[in-house]
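Remarks on the structure that follows.
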Amino acid sequence: MPLRLIRLVVLAAALVACAACDPPPGPAGTVTAKEIVYKPATKTNERYLTVRKPSGGTARFLVNPGTYDNCRRGSAYPACDGR
């Protein structure tokens, strides 16, 4: 196989592998807000949860679509994820 074809196959395999990657989990807390951000350059959506941590602060973090759908405002994260 030519080197260029091998590089394309490796790149395609890496993209497929990363498509299944989940973002790292956020801190535990109570879900206070949900947001979907549309990225026009890539025509994709990013989903974010904001939680109020037990220590009193808040944190906003990226989640996968399943977590976004499962976690309602007022629910306890990560328990609402059910994974």
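I'm trying to understand the selection: among the residues of region 19-58, which are loosely packed, with under 11 Cβ neighbours inside 10 Å and assigned to a strand (DSSP E or B)?
Ile36, Val37, Tyr38, Lys39, Thr44
For region 59-81, the set of residues classified as surrounded by fewer than 13 Cβ atoms within 10 Å (Cβ to Cβ) and under 13 Å from Pro25 (Cβ atoms) consists of Ala79 only.
Computed from the coordinates by the stated procedures, all read-outs in this text should not be read as laboratory data. On a predicted model such as this, the values are computed, not experimentally measured, just so you know. Cβ atoms come from the backbone with ideal geometry, glycine included; neighbour counts cover every protein chain shown.
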